[in-house]
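Asker: Dumping the structure here so I can ask a few things about it.
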Amino acid sequence: MRRHRKSLWASGILSMTAAVCCGLVFTAAAAVLSAALIYYVMGEMGLSKAFAGFSLGAGACIGAYIYGKYRRRWGLFGGSLCGAIMYAVIAAAGVILLGEPAGIKKLLLLTICGAAGGVAGVNSKRPKGLMDQ
């Protein structure tokens, strides 16, 4: 008989940590792909800020979408919080590596994209293997 263990997504802190990590990994992957696209295909750095903004927004949206999809409640708040935590991690890395924190526009971008991803995740189809919480 199968034992009923608590899901990772039942705990708010663990689920937020997993979603933020997924969002940061997706952000890094999108940044590497956009940098390769700029370097090898385009050859000019004119749109680098747009590609960086797209990478950040897509990463926040994906991380919050995962949070909302598996958590199944509080999509707007959870997505916004996911984006804000991603901003805190990016700002801390900026302070450590560059000596200056990230700008406030990044917080706004990550929070709005995270909120949109969280709402989309909550309203998406229920995952098949999700245990009831």
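The values are calculated or read from the model by the stated rules, or taken from the named source; none is laboratory data. Because the structure is predicted, anything quoted here is derived from the model rather than measured. Positions of Cβ are backbone-derived with ideal geometry, glycine not excepted, and every protein chain shown enters the neighbour counts. Heads up: the accessible areas ignore ligands, DNA and RNA and are worked out on the full protein's heavy atoms, side chains in. Shrake-Rupley method; radii C 1.70, N 1.55, O 1.52, S 1.80 Å.
Asker: With respect to Ala35, determine if the residue is at pLDDT below 90, closer than 23 Å to Lys106 by Cα and assigned to a helix (DSSP H, G or I). Break it down stepwise before answering.
Answerer: Values: at pLDDT below 90: yes; closer than 23 Å to Lys106 by Cα: yes; assigned to a helix (DSSP H, G or I): yes.
In short, yes.
Asker: From the set of residues in the range 1-16 that are out of contact with any Cys (no Cβ under 9 Å at 6 or more places or on another chain) and either acidic (Asp, Glu) or open to solvent by less than 70 Å² (accessible area, probe 1.4 Å) (or both), which is modelled with the highest pLDDT? I'd like the intermediate steps shown before the answer.
Answerer: Quick first cut of the range 1-16, residues out of contact with any Cys (no Cβ under 9 Å at 6 or more places or on another chain) only: 1-15.
Going one step further and asking which of them are either acidic (Asp, Glu) or open to solvent by less than 70 Å² (accessible area, probe 1.4 Å) (or both), we end up with 7, 9-12, 15.
Working: Ser7: 67, Trp9: 63, Ala10: 67, Ser11: 72, Gly12: 71, Ser15: 81.
Result: Ser15.
Asker: Another question, if that's okay. As an exercise: evaluate Ala102 against (1) in a loop (DSSP other than H, G, I, E, B); (2) open to solvent by 40 Å² or more (accessible area, probe 1.4 Å) and give the number of the one condition it does not meet.
Answerer: Of (1) in a loop (DSSP other than H, G, I, E, B); (2) open to solvent by 40 Å² or more (accessible area, probe 1.4 Å), only one is false for Ala102: (2).
Asker: Taking only the range 89-99 into account, find how many residues are open to solvent by 40 Å² or more (accessible area, probe 1.4 Å) and either under 22 Å from Phe77 (Cβ atoms) or touching a helix residue (DSSP H, G or I) at 6+ places or on another chain (Cβ under 8 Å) (or both).
Answerer: Within the range 89-99, the subset open to solvent by 40 Å² or more (accessible area, probe 1.4 Å) is 89-90, 92-93, 95-99.
Narrowing further to those that are either under 22 Å from Phe77 (Cβ atoms) or touching a helix residue (DSSP H, G or I) at 6+ places or on another chain (Cβ under 8 Å) (or both): 89-90.
Of the residues in that region, 2 qualify.
Asker: Would you say Ile13 is more than 18 Å from Lys106 (Cβ to Cβ) and touching an Asp or Glu at 6+ places or on another chain (Cβ under 9 Å)?
Answerer: Working: more than 18 Å from Lys106 (Cβ to Cβ): yes; touching an Asp or Glu at 6+ places or on another chain (Cβ under 9 Å): no.
It is false that Ile13 is more than 18 Å from Lys106 (Cβ to Cβ) and touching an Asp or Glu at 6+ places or on another chain (Cβ under 9 Å).
Asker: Please specify each residue of the range 80-125 satisfying the condition of being at pLDDT below 90 and within 14 Å of Tyr65 (Cβ to Cβ).
Answerer: Across the range 80-125, the qualifying residues are Gly121, Val122, Asn123, Ser124, Lys125.
Asker: Does Gly94 count as touching a residue at least 12 places away in the same chain (Cβ under 8 Å) and not acidic (Asp, Glu)? Don't jump to the end; show me each part of the working.
Answerer: Details: touching a residue at least 12 places away in the same chain (Cβ under 8 Å): no; not acidic (Asp, Glu): yes.
So Gly94 does not fit the description; no.
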